[in-house]
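A.B. asks: Just passing along the structure, written as structure tokens.
The values are calculated or read from the model by the stated rules, or taken from the named source; none is laboratory data. All of these numbers come straight from a predicted model, not from anything done at the bench. Quick reminder, even Gly has a Cβ in these numbers, built from the backbone with ideal geometry, and neighbours come from all protein chains shown.
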Amino acid sequence: MNLQNNQYLSALRLQEKLLNQTTPPPVAGQTPPKTEAGFSFREVLSREAVKNDDVRFSKHAKVRLADRGIDLSPEQINRLNEGTQRAGAKGIKESLVIIDQMAFIVNIPNNTVVTAMSGRDTGDNVFTNIDGAVII
């Protein structure tokens with residue numbers, strides 16, 4: 001944090017300072033600005049996306065996993081990731097991924113498990129709002 005006259009900036013003054021900064025818009029064909037580490041924001045974002053390709057679990061899905069006593073092994077999570085990648089390769093947006101009698105609804109663009117069910121919780125085995133399924 002910058003110091004002025006050996007005092008911290010107030011939140012309001014810091015906000016004003018940040019809001020009044022002007023950054024020139026990018027020019028076509030110009031290299032994007034680099035971060036302090038020497039990488040552009042786009043480079044950092046794409047590297048992080050590749051590095052973290054594991055599915056995430058929404059808050060709702062985490063509650064369902066806990067309520068239904070579903071505990072996934074590392075091998076099952078790997079298979080869930082594989083099913084999610086397969087669904088994405090086929091252009092599926094909302095997928096049902098079935099692993100070992102467990103069903104997961106996965107939002108493929110966000111790489112996020114939306115809900116999870118064990119075999120005994122699937123009820124009448126009707127799944128809605130999906131456009132594809134992967135059985136692993």
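A.B. asks: Would you say Asp53 is touching an Asp or Glu at 6+ places or on another chain (Cβ under 9 Å) and at pLDDT below 95?
C.D. replies: Working: touching an Asp or Glu at 6+ places or on another chain (Cβ under 9 Å): no; at pLDDT below 95: yes.
When the stated conditions are applied, Asp53 does not pass them.
A.B. asks: Which of (1) outside any helix (DSSP H, G or I); (2) in contact with a Ser or Thr (Cβ under 6 Å, 6 or more places away or on another chain) does Ala87 not meet, given it meets every other one?
C.D. replies: (1)
A.B. asks: Please specify each residue of segment 60-82 satisfying the condition of being surrounded by fewer than 11 Cβ atoms within 10 Å (Cβ to Cβ) and polar (S, T, N, Q).
C.D. replies: Ser73 - this is the single residue of segment 60-82 that is surrounded by fewer than 11 Cβ atoms within 10 Å (Cβ to Cβ) and polar (S, T, N, Q).
A.B. asks: Would you please list the contacts, defined by Cβ atoms under 6 Å and residues six or more apart or on different chains, that run from a residue in segment 63-74 that is closer than 11 Å to Ala116 by Cα to a residue that is assigned to a loop (DSSP other than H, G, I, E, B)?
C.D. replies: Arg68/Ser118; Ile70/Ser118
A.B. asks: Across segment 51-62, which residue is nearest to Thr112 (Cα to Cα) among those that are assigned to a helix (DSSP H, G or I) and not charged (D, E, K, R)?
C.D. replies: Ala61
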